[in-house]
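In what follows, a structure is listed as structure tokens, so that the remarks can point back to it.
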Amino acid sequence: MRHLLSVLMENEPGALARVVGLFAQRGYNIESLTVAPTEDKTLSRMTLVTKGEDKVIEQITKQLNKLIEVVKVIDLTEGAHVERELMLIKVKAPTPVREEIKRTADIFRGQIIDVTPTSYTIQLTGTSDKLDAFIEALSGMQILEVARTGVSGVSRGEKLLLV
Amino acid sequence: MSEANQQPEMMSGGAMLIRALHDQGVKYVYGYPGGAVLHIYDAIHQQDKVEHILVRHEQAATHMADAYARATGKAGVVLVTSGPGATNAVTGIATAYMDSIPMVIITGQVMSHLIGDDAFQETDMMGISRPIVKHNMSVKNPADIPMMVKKAFYIAESGRPGPVVIDVPKDMTMPNGRFPYHYPTEVSLRSYNPVQKGHSGQIRKAANVLLSAKQPMIYSGGGIIMGDASNELRELAQLLGYPVTNTLMGLGGYPATDKQFVGMLGMHGTFEANNAMHHADVILALGARFDDRVTNNVKKFCPNATIIHVDIDPTSISKTIDSHIPIVGPVKPVIAELIEQIKASEQKPDAEALAAWWQQINEWRERKGGHYKTDNSGQIKPQQVVEAVWRLTKGDAYVTSDVGQHQMFAAQYYRFDKPYRWINSGGLGTMGFGLPAAMGVKLNFPEAEVVCVTGEGSIQMNIQELSTCKQYGLGVKILNLNNGYLGMVKQWQDMNYESRYSNSYMDSLPDFMKLAEAYGHIGITIRHIDELEAKLAEAFSYKDRLVFIDVIVDPTEHVYPMQVPMGKMNDMFLSKTERT
């Protein structure tokens, strides 16, 4: 159901709009989307999380491939892969709960990257599930802001996504 | 010639654009000037190789270019200004996109530094056109223009064809600009490599399945025309002796007068074609996309069929109907390889099964399900008009159409034996397409007979082009099947809304004869069946003149057969009182 698609495309203005437009026009879901240039400045790499029946995912993959600026598409979830998402979460940290928040962050291997007398901003990296679990663990606290990057991923081992 | 030592010619962006079109082999550009493209128009004025055709509305320019492409397989070229010029072209771009027609549309844009400022006649054409083009691009540097033109044609014409927009900010075409001109001979894109042939293993599988079929059908679409594969299709069908049906877009891909042709299929397909599809055990789909106007209810579609689907576009395969043997590739080489495999195979088609299958099909044929009936009222049936024109033109005219009942009558009753002759807006269903399309064909094939089959609704959507016809001497024949109603809307209202004719009656129609005369053409009105043949003959005797033939037809006529909504392929209404 859940699929992680990696898309290698020309790093040109408008390419991102084409991908987003495609999903909107054809009624496909986007759970998260992240995009940035690669080590080769002429290429961008996008990672998309989408949900759908196999038939829909097959259409999405084909439609992405059909876009002129898309160089290659792979479905990372078809094979062994690693995926990570980064989250910045700002929580209210008054004295009575400051220690507890820090302990929870430690347990999740989060880092406190900004501190004020009344708040912490914690950086946490992991799978989306882990990030969700952390938010859940802080449910007793007052969460002020959450910013997540969306999922990025690569295949395990020798398998590469190259031109 | 020592090209290598020669200094490249220095030119402005506007001049390079027109020169590049010429070097691409373009003869005509269809368009309309305006502020953002004035430098380009000035460049046109200063040369005599590329001729500009001035329409009266940008939509007509797109349809002219589109029809040229449909008649030749080569991309037509449109030039319009920014803002309203570009948005007026949108319908025509979408029309071409839906039917996979190659086209290059050059749209003007405001100066680069004004983009995003809501400048005069600014519109985000890159954004507006994105969902209805194969690709679009914006010029960032005048020096790139020749390469961009080359790319645009390459993308438009290769693979599954489609329209490509080049958005040109005005400052890219400044007359004082000087850039070295060089037109590339080829172009390659790492991210775009259309497939050149089919998978041989899959083709072998397909050959085996085809040869084992007992009740086979060949279902071919517009891909046969745009893929230039009608000769291959004919050879394959005749080698196997199997029945062939064409989609609306595929008419002419297989000769309609051949005995193996069972007619068009789908919503208004023949009784025999829809029945044969429903009962088929093997369907070979060639350059067709199982459109909803073909399949009817996908859940009830051809329950016994093993489906072999050949298409150049992988997204067409298993999109609506699952394919058992998918073959991605251009139809021409795939069919050629299929023919080889079949010839090489020891297996032959099952003659006994095939004889029984043909007997069944011929029984369906003889029933003449959905054929129109004549009466003694003297009123003209629209189908009779199309048949009369077919006889008069010996089945050899280019026929363009608008959208509605007349379009279906033309598709059903003008029997196309050649590809590239039937020119209609199938996918988008664009009213107003017919006249500009006929103009595009006539301009490029001045010796050919070009007939626009239309209705009094559709023709008024681009009637202003009668003026363009006068300017360029385009002697097309306009066959206006005038029933006073938006016929197809009325038919649906008859069938589904208890004949409540909400806005489908056209009051205050012009006198089309006088209108044609006002534009300097000939107008003929035909009212009675007895005068039909003679007056048509008269109309077609004016060789180089535009003749507007206004034929008053029976307003109560419906298009049959018509598939029953949500039913099987062969669930059809055959007349107002009969259904299968």
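Every listed requirement among (1) more than 14 Å from chain A (Cβ to nearest Cβ); (2) out of contact with any Asp or Glu (no Cβ under 6 Å at 6 or more places or on another chain); (3) hydroxyl-bearing (Ser, Thr, Tyr); (4) surrounded by 24 or more Cβ atoms within 10 Å (Cβ to Cβ) is met by B:SER100 save one, (1).
Among the residues of the stretch B:252-267, write down those that are assigned to a loop (DSSP other than H, G, I, E, B), open to solvent by 10 Å² or more (accessible area, probe 1.4 Å) and of a type outside the set (Asp, Glu). It would help to see each step written out before you state the result.
Of the residues in the stretch B:252-267, the ones assigned to a loop (DSSP other than H, G, I, E, B) are B:252-260, B:265-267.
Cutting the leftovers down to open to solvent by 10 Å² or more (accessible area, probe 1.4 Å) gives us B:255-260, B:267.
Matches in the stretch B:252-267: B:PRO255, B:ALA256, B:THR257, B:LYS259, B:GLN260, B:MET267.
Screening B:LYS197 with (1) of a type in the set (Lys, Arg); (2) within 12 Å of chain A (Cβ to nearest Cβ); (3) not in a helix (DSSP H, G or I) gives one miss only, at (2). Among the residues of the stretch A:110-129, the one identified as in a helix (DSSP H, G or I) and either open to solvent by 60 Å² or more (accessible area, probe 1.4 Å) or touching a Gly at 6+ places or on another chain (Cβ under 6 Å) (or both) is A:ASP129.
Of B:ARG19, B:ARG70, all but one fail to be in a helix (DSSP H, G or I) and open to solvent by 60 Å² or more (accessible area, probe 1.4 Å); the exception is B:ARG19. Within the stretch B:123-159, if we keep just the residues that are hydroxyl-bearing (Ser, Thr, Tyr) and under 26 Å from the mean Cα position of the chain (by Cα), the residue that is surrounded by the fewest Cβ atoms within 10 Å (Cβ to Cβ) turns out to be B:SER158. Filtering the stretch B:510-542 to residues that are assigned to a loop (DSSP other than H, G, I, E, B) and closer than 26 Å to B:GLU387 by Cα leaves B:ASP511, B:HIS521, B:ARG527, B:HIS528, B:TYR542.
When B:MET495 is tested against the conditions (1) closer than 21 Å to B:GLY370 by Cα; (2) open to solvent by less than 50 Å² (accessible area, probe 1.4 Å); (3) hydrophobic (A, V, I, L, M, F, W, C), the lone failure is (2).
Is it the case that the stretch A:100-119 has a residue that's touching a Leu at 6+ places or on another chain (Cβ under 6 Å) and either of a type in the set (Ser, Thr, Tyr) or at pLDDT below 95 (or both)? There is no residue in the stretch A:100-119 that is touching a Leu at 6+ places or on another chain (Cβ under 6 Å) and either of a type in the set (Ser, Thr, Tyr) or at pLDDT below 95 (or both). Could you please let me know if B:THR123 is hydroxyl-bearing (Ser, Thr, Tyr) and either within 11 Å of chain A (Cβ to nearest Cβ) or part of a loop (DSSP other than H, G, I, E, B) (or both)? Yes; evaluated as a whole, the condition is true for this residue.
Restrict the check to the stretch B:74-86 and report whether at least one residue is surrounded by fewer than 24 Cβ atoms within 10 Å (Cβ to Cβ), touching a strand residue (DSSP E or B) at 6+ places or on another chain (Cβ under 7 Å) and in contact (Cβ under 8 Å) with a residue 24 or more places away in the chain.
Checked against the condition, which is being surrounded by fewer than 24 Cβ atoms within 10 Å (Cβ to Cβ), touching a strand residue (DSSP E or B) at 6+ places or on another chain (Cβ under 7 Å) and in contact (Cβ under 8 Å) with a residue 24 or more places away in the chain, the stretch B:74-86 yields no hits at all.
The set of residues in the stretch B:160-193 that are within 14 Å of chain A (Cβ to nearest Cβ), touching a Pro at 6+ places or on another chain (Cβ under 8 Å) and open to solvent by 10 Å² or more (accessible area, probe 1.4 Å) comprises B:ARG160, B:PRO161.
One line per residue, one yes/no per condition, for (1) touching a Lys or Arg at 6+ places or on another chain (Cβ under 6 Å); (2) surrounded by fewer than 18 Cβ atoms within 10 Å (Cβ to Cβ); (3) over 19 Å from B:GLY269 (Cα atoms):
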position: B:ARG365; (1), (2), (3): no, no, no
position: B:LYS368; (1), (2), (3): no, yes, no
position: B:HIS371; (1), (2), (3): no, yes, no
position: B:VAL389; (1), (2), (3): no, no, yes
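Within the stretch B:556-570, the set of residues being assigned to a loop (DSSP other than H, G, I, E, B), under 19 Å from B:LEU248 (Cα atoms) and of a type outside the set (S, T, N, Q) comprises B:HIS558, B:VAL559, B:TYR560, B:PRO561, B:VAL564, B:PRO565, B:LYS568, B:MET569.
Scanning the stretch B:32-89 for residues that are closer than 19 Å to B:ARG130 by Cα and of a type in the set (S, T, N, Q) yields B:GLN59, B:THR62, B:THR81, B:SER82, B:THR87, B:ASN88.
Counting only residues that are over 16 Å from A:GLY21 (Cβ atoms) and either among the small types (Gly, Ala, Ser) or at the interface with chain B (Cβ under 7 Å from one of its Cβ atoms) (or both), how many does the stretch A:63-72 have?
Initially, the stretch A:63-72 is screened for residues over 16 Å from A:GLY21 (Cβ atoms), giving A:71-72.
Keeping just the survivors that are either among the small types (Gly, Ala, Ser) or at the interface with chain B (Cβ under 7 Å from one of its Cβ atoms) (or both) gives A:71.
Residues in the stretch A:63-72 being over 16 Å from A:GLY21 (Cβ atoms) and either among the small types (Gly, Ala, Ser) or at the interface with chain B (Cβ under 7 Å from one of its Cβ atoms) (or both): 1 in total.
Is there a residue being farther than 23 Å from B:SER318 by Cβ, more than 14 Å from chain B (Cβ to nearest Cβ), modelled with pLDDT of 95 or more and assigned to a loop (DSSP other than H, G, I, E, B) anywhere in the stretch A:87-94? Yes, some residue in the stretch A:87-94 is farther than 23 Å from B:SER318 by Cβ, more than 14 Å from chain B (Cβ to nearest Cβ), modelled with pLDDT of 95 or more and assigned to a loop (DSSP other than H, G, I, E, B).
Looking only at the stretch B:233-285, residues that are without any contact (Cβ under 8 Å) to a residue 60 or more places away in the chain and of a type in the set (A, V, I, L, M) come to 3 in all.
Taking the stretch A:1-53 as the region of interest, the strands (runs of 3 or more DSSP E) fully inside it that hold 2 or more residues being open to solvent by 10 Å² or more (accessible area, probe 1.4 Å) and away from chain B (no Cβ under 14 Å) are A:2-10, A:32-37. Within the stretch B:311-356, being within 14 Å of chain A (Cβ to nearest Cβ), without any contact (Cβ under 8 Å) to a residue 12 or more places away in the chain and in a loop (DSSP other than H, G, I, E, B) holds for B:ILE317, B:SER318.
If the condition is being of a type in the set (A, V, I, L, M), open to solvent by 30 Å² or more (accessible area, probe 1.4 Å) and in contact with a helix residue (DSSP H, G or I) (Cβ under 9 Å, 6 or more places away or on another chain), then the stretch B:523-567 contributes B:ILE529, B:ALA537, B:MET566. Cβ-Cβ distances below 7 Å connect the following pairs, each with a first residue in the stretch A:152-163 that is outside any loop (DSSP other than H, G, I, E, B), a second residue that is of a type in the set (Val, Ile, Thr), and a separation of six or more residues or different chains: A:SER152/A:THR34; A:SER152/A:THR47; A:GLY153/A:THR47; A:GLY153/A:VAL82; A:VAL154/A:VAL82.
Do we have B:ILE380 as more than 22 Å from B:ILE552 (Cα to Cα) and β-branched (Val, Ile, Thr) here?
Working: more than 22 Å from B:ILE552 (Cα to Cα): no; β-branched (Val, Ile, Thr): yes.
No.
The values are calculated or read from the model by the stated rules, or taken from the named source; none is laboratory data. No experiment lies behind these values; they were computed from the predicted model shown. We place every Cβ from the backbone using ideal geometry, glycine too, and count neighbours over all the protein chains shown. Heads up: the accessible areas ignore ligands, DNA and RNA and are worked out on the full protein's heavy atoms, side chains in. Shrake-Rupley method; radii C 1.70, N 1.55, O 1.52, S 1.80 Å.
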